[in-house]
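The values are calculated or read from the model by the stated rules, or taken from the named source; none is laboratory data. Note that this is a predicted model, so its numbers are computed, not measured. FYI the Cβ positions are ideal-geometry reconstructions off the backbone, even for glycines, and counts take in every protein chain you see.
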Amino acid sequence: MKKKFRIIKRFCQRLYGEWFPKRKKPRVLQMPITSRCNSCCLTCNVWKHHEKKDIDASLLKEALKDPFFSELQTVGINGGEFSLVPNFMAVLEALTPLPHLENIYLITNGIATEKIKEYTKSAKSFCSAHGISVTLCISLDGVGKIHDTIRGIPGNFDKTMQLIQDISKEKDKFCDNLVIGHTLSRFNIDKVHETEDFLSPFGLTLDVHLAVPNKRIGTYTDHDKYNILADDKCRQIAAEYFYSRFLYEDNLTAKARFFANYYYLKNNGKGRLSNCLYRYCDVTIDENLNLRLCATASESLGNLEKESASTIINSSRTKKEAKRLLKECNKCIHYAYYPLTTKGRILFAHEVAKQQYSMTIYKCSNRKQRLKVYLSALNKVIKMVVKYDY
Ligand code: SF4
Ligand code: SF4
């Protein structure tokens, strides 16, 4: 009884937090540390920026001392390309005032292989000494020429595969977790199964996400050339892909994420079902030390060299921007890994129950049997909506 009460209480708290969100201190910081990049991806405009800027590590260290950052647990380091930042270790050192930091998440394009290995090895030994784990995400957008074409760099695929193999062989020297990031766009959606098959002998799975319009990388108004939503055939293939992942996935959290992607694509890029903590909790700092809510659709709220994070966050312009951002969220699928909203839970549970019971209902020969199956399905839906933390 006590357990049931706890589950219902947690569910009500979550519902309240979802409907009346209050700004909280961030747990996750997204941090592009440079606008320099040695890749020319078709899904990104960072490499076209004239200004090539690295984050100032000493100013960053000062900025992170603000109490607003005291609950941070994860810092995502990306760019541009982190292996091009000469003072990369100083950037890591700037994170040490964060009292609750548990994980850093590095994303690389796999081009400067020796530098990437050198930097990640140093990062791993530095972080281990500070009780911080390292996740390394290597981007792979397809097999062979597909990857090279999307990335705009001939020979990138071979280098990336070599890097994946070198790091897999001695993973513990470089990172705690190795992830292969796969950005789905109009250029590779019909090849996603081929890429999955290609990687399976290495014991690695793809972490798939849709390429989205993104203000920070300069593609917010310039995304039709890669956005799956801009081509109905691609959208259909992507929706079917996510639905099949949803059908055959056993892990409930992953299953829910695939469902959220499927639902968004089915509805032509509307109807976000995953929560997004960047609306009221997590934040982004870019290479110029501008503070933003999310990297996707948020404008810069202020500069951490000029003002503290607490001052910026408590300002009226942040409240105004957070309100404006809400209108963007329904058509955004970035960070779809956050737990589902209540509406998302109901739709998800309904789809799972429908999937599991449809064949049983079909076999029922009378109304009594059908009613029994419906009630059992309904019971399952209610339990899934209230109980599980997906
Ligand atoms: S997606 Fe990453 S690797 Fe590609 S150009 Fe943009 S920053 Fe560089
Ligand atoms: S626009 Fe997207 S990334 Fe930004 S807060 Fe909304 S859902 Fe999150």
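Condition check for Ser185 on (1) surrounded by fewer than 18 Cβ atoms within 10 Å (Cβ to Cβ); (2) of a type in the set (Gly, Ala, Ser); (3) within 16 Å of ligand 1 (Cβ to nearest atom): one failure, at (1). Mind checking whether some residue in the range 59-66 is under 28 Å from Asn314 (Cα atoms), assigned by TED's automatic domain parsing to the domain that holds Glu102 and within 16 Å of ligand 1 (Cβ to nearest atom)? No, because not a single residue in the range 59-66 is under 28 Å from Asn314 (Cα atoms), assigned by TED's automatic domain parsing to the domain that holds Glu102 and within 16 Å of ligand 1 (Cβ to nearest atom). Listed by first and then second residue, the pairs with beta-carbon distance under 8 Å, at least 6 apart or on different chains, first residue in the range 306-333 and in contact (Cβ under 8 Å) with a residue 40 or more places away in the chain, second within 16 Å of ligand 1 (Cβ to nearest atom), are Cys332/Val212; Cys332/Thr296; Ile333/Leu210; Ile333/Val212.
For the range 351-361, the count of residues that are under 27 Å from the mean Cα position of the chain (by Cα), hydrophobic (A, V, I, L, M, F, W, C) and in the same structural domain as Tyr262 (by TED's automatic domain parsing) is zero.
Does Asp158 qualify as being assigned to a helix (DSSP H, G or I), within 15 Å of ligand 1 (Cβ to nearest atom), free of Cβ contacts under 8 Å to residues at least 12 places away in the same chain and of a type in the set (D, E, K, R)? No. On the stretch given as the range 275-301, residues that are within 16 Å of ligand 1 (Cβ to nearest atom), in contact with a Cys (Cβ under 9 Å, 6 or more places away or on another chain) and either modelled with pLDDT under 95 or not assigned by TED's automatic domain parsing to the domain that holds Glu321 (or both) total 1. The helices (runs of 4 or more DSSP H) located wholly in the range 1-112 that include 3 or more residues which are more than 16 Å from ligand 2 (Cβ to nearest atom) and touching a residue at least 60 places away in the same chain (Cβ under 8 Å) occupy 2-19, 57-64.
Kindly check whether there is at least one residue in the range 30-46 that is aliphatic (A, V, I, L, M), surrounded by fewer than 22 Cβ atoms within 10 Å (Cβ to Cβ) and over 20 Å from the mean Cα position of the chain (by Cα). No, the range 30-46 has no match at all.
When Thr219 is tested against (1) touching a strand residue (DSSP E or B) at 6+ places or on another chain (Cβ under 7 Å); (2) farther than 24 Å from Thr74 by Cβ; (3) within 16 Å of ligand 2 (Cβ to nearest atom), only condition (1) is not met.
Scanning the range 208-224 for residues that are modelled with pLDDT of 95 or more and not hydrophobic (A, V, I, L, M, F, W, C) gives a single hit, His209.
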